[in-house]
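Before any comments, here is the structure.
The values are calculated or read from the model by the stated rules, or taken from the named source; none is laboratory data. Remember, predicted model here, so these are calculated numbers, not experimental data. Neighbour counts run over all protein chains shown; Cβ positions are idealised from the backbone, glycine included. SASA here: full protein model, heavy atoms, side chains in, ligands and nucleic acids out. Shrake-Rupley method; radii C 1.70, N 1.55, O 1.52, S 1.80 Å.
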Amino acid sequence: MAESSEGLGTVPEHERILQEIESTDTACVGPTLRSVYDDQPNAHKKFMEKLDACIRNHDKEIEKMCNFHHQGFVDAITELLKVRTDAEKLKVQVTDTNRRFQDAGKEIIIQTEDIIRCRIQQRNIITVVEKLQLCLPVLEMYSKLKEQMDAKRYYSALKTMELLENVYFPRVSQYRFCQLMIENLPKLREDIKEISMSDLKDFLESIRKHSDKIGETAMKQAQQQKIFSVALQKQNNVKFGKNMYINHDRIPEEKNEIVLKYVLEEEDENEEEVLTVQDLVDFSPVYRCLHIYSVLGDEETFENYYRKQRKKQARLVLQPQSNMHETVDGYRRYFTQIVGFFVVEDHILHVTQGLVTRAYTDELWNMALSKIIAVLRAHSSYCTDPDLVLELKNLIVIFADTLQGYGFPVNRLFDLLFEIRDQYNETLLKKWAGVFRDIFEEDNYSPIPIVSEEEYKIVISKFPFQDPDLEKQSFPKKFPMSQSVPHIYIQVKEFIYASLKFSESLHRSSTEIDDMLRKSTNLLLTRTLSSCLLNLIRKPHMGLAELVQIIINTTHLEQACKYLEDFITNITNISQETVHTTRLYGLSTFKDARHAAEGEIYTKLNQKIDEFVQLADYDWTMSEPDGRASGYLMDLINFLRSIFQVFTHLPGKVAQTACMSACQHLSTSLMQMLLDSELKQISMGAVQQFNLDVIQCEYSFVVMTSGPPVSPLKKIHVHVVVFASSEPVPGFQGDTLQLAFIDLRQLLDLFMVWDWSTYLADYGQPASKYLRVNPNTALILLEKMKDTSKKNNIFAQFRKNDRDKQKLIETVVKQLRSLVNGMSQHT
């Protein structure tokens, strides 16, 4: 049962497979037959049996079909045999007809072949034309590219290359000539890069050579603009009532209008000649190179190269010549090159996008500014000519104003100008030191004589001198000061003008300028003029009369300082009452000079006294005095009289001090003469003669009669004419001058009257008659007299008076020694 059921299940499956084989294509039979082998065992056998049965069925059906149509087939064959004869006839006719047609169509065939050939050629021509029309634009563009290369229109050539690559070459890429063109384009691009880079190098070299011309033009334009602005501002100041004072004169409004008109006319004349940086430099190589590298996508390489090269050029421009400080042209060339460099960079910044940036130019400027300041600081230190320093300052101001107009910060340059201003003041001080020395050398150190009203007015116009008493005097008359005073005053004003020139255009307020002028003027007074005066005073050839005149001169110069302050005020329009206004130090300057002159007067006067004292030729062993003062002393007194007459022009205290100093020095010199260690012996006659000279110093006398010799003391009291007490210099009270000789007077009185008992008894008492006599001094002089007595009085021991005197001297010497020893022990 199982097998029968299984056999029943496979039969429908085999029928289905057979149906698929009959109905499907032969390509799909394989998978169908494979399914037969995938079924149960013995399925293949059963399928083959089923297949054989199916074949037999189909053979039976074919046989039936053939039997059914056999009669019709026989009939058809019979019919065909009947028409066979007719067909042969028809064939003959057709063949004949074909032959005739062939013969008749030979020419047509030939013509047709020609037509076909022409049509083929026409088609080929049309194809060629179409292809040529496709290639011609490419060839035309490539030819245009060659023309652009030959014409050096490289940017256009690059654009043409882009057009060829993106539009034209894709249309004809199958042709070999197109491949050759495509392969040639990179080489053309490299050639363009090299050529444009070569043009850029030529451009960089050109602007390096023409930087000074560019800078000169830019600085000239900035200077003209500044002159115009200053002239316009002056006109506005005049319209609003602001006055400027130069040389004590107010600039009139008409003058300002003339100046402004002249500046405007000059501007109009130069307007056509104004050149811009574009007029001086052809920037097309930069534009072309930038555009070319931008098109080539290598813009960053170009920017880096340009900036690197420009930085190298900046370093070269900033490197000064070694002798730049010698002439202003060296500085001008240095500044114009730098200005030209940065003007070009500013132009590149504004006309190109990204080639240089503001950050790059600022960095480059800061680097350059540091170098410029270092160079100027180093080279300006070698400048010793104030005119050169002033021209340098003007160049720096124009340089700064020019670059400031292009947007570069220049505050550090103006800070540098303050350093250079100090150096400028130093050079001015050195120059004016020479001017002052020349003035002092040319001065005759005597009052200025005036013989007419014109001469008087000339001096007054140079120096602000006011003296009602002098004005009332009739001609001829004299100014108290010498010629150097008005010259010094004029030169101080000239110094202020010179200092003011540097302060101009520094963009500083009037208060700051006023402070600068006052400080520089103070330096001139306290350093330069004071030093020149001190050097003049200390010169060996300066006499007492010259020193006196110097003191008078400094007094008048000191009084003129207030006029100098007014002069500065008129220039700056800054009131002296302002809290922070600096005062001029003329008072201390000229006071110090006067003190130095006074000290020099005292020194020279004492030296002169020493010269006269050195002429003294005393006979220290004389037995009797000459009865008159020594000749050297009379000459000295006459000299002092003439000098004290000159001192009447000095301030009273100075003359009094000089007179007292002279008397004290003379007293000291005479005392030293007595106590000189080389002087071993002194006779009483020599002491009397010395006493006579001291009296002459105190009372200056004249021998009015001649006759037999009389006692010197009697002559003195007969012919006394007061000298010290007659006040050779006004202002002394009582016997002030006589007190200068008090030490010497008491010592000589002690020896003249031989009042040792009183001296020894009253020694140390405030009311002592010989209070100023030092025991040691008296001892030295007494010992010199004792030795003289022993030598000159050989027979003194036989005379009782001489023996008593000798004993007295020895006794006094012993007592004096005890006093001296007591003083030493006490000390």
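Some values worked out for this structure:
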{"quantity": "Within straight-line cross-link reach of K371, lysines at Cα separation under 23 Å, skipping those fewer than 8 residues along the same chain", "calculated": "K209, K213, K308, K311, K312, K393"}
{"quantity": "Most to least accessible of K146, K64 (protein chains only, probe 1.4 Å)", "calculated": "K64, K146"}
{"quantity": "Area of M219 that stays accessible when all protein chains are in place (1.4 Å probe, Å², to 10)", "calculated": "10 Å²"}
{"quantity": "Placed amide H near I448: partners under 5 Å, 5+ positions off or other chain", "calculated": "F479, M481"}
{"quantity": "Largest to smallest accessible area among L132, L500, L547 [probe 1.4 Å]", "calculated": "L132, L500, L547"}
{"quantity": "Straight-distance crosslink candidates among lysines, where the alpha carbon sits under 17 Å from K159 and sequence neighbours closer than 8 are dropped", "calculated": "K144, K146, K187, K193"}
{"quantity": "All aspartates and glutamates inside 15 Å of K769 as judged from Cα atoms, apart from same-chain residues fewer than 8 positions distant", "calculated": "D743, D749, D755"}
{"quantity": "In Å², nearest 10: area of D515 left accessible to a 1.4 Å probe", "calculated": "40 Å²"}
{"quantity": "Per-residue ³J(HN,Hα) for segment 475-485, Karplus 6.51 cos²θ - 1.76 cosθ + 1.60, θ = phi - 60°, Hz, x for Gly and Pro", "calculated": "7, x, 8, 10, 6, x, 8, 8, 5, 5, 5"}
{"quantity": "Prolate/oblate/rounded call for segment 361-486, Cα gyration tensor, a/c under 1.5 rounded", "calculated": "prolate"}
{"quantity": "Against the rule of thumb 2.2 N^0.38 Å, how large the Cα Rg of segment 54-137 comes out", "calculated": "2.47"}
{"quantity": "List I488, I513, ordered by accessible area with a 1.4 Å probe, largest first", "calculated": "I513, I488"}
{"quantity": "Listed peptides 417-425, 303-311 by packing density, highest first (mean Cβ within 10 Å)", "calculated": "417-425, 303-311"}
{"quantity": "Alpha carbon centroid spacing (whole Å) that separates segment 463-483 from segment 315-385", "calculated": "58 Å"}
{"quantity": "C-alpha center-to-center spacing [segment 540-571, segment 199-218] in angstrom", "calculated": "57 Å"}
{"quantity": "With DNA, RNA and ligands ignored, accessible area of E194 (1.4 Å probe; Å², nearest 10)", "calculated": "120 Å²"}
{"quantity": "Net lengthening on full extension, I742/N535 (0.36 nm per residue, minus Cα-Cα)", "calculated": "70.8 nm"}
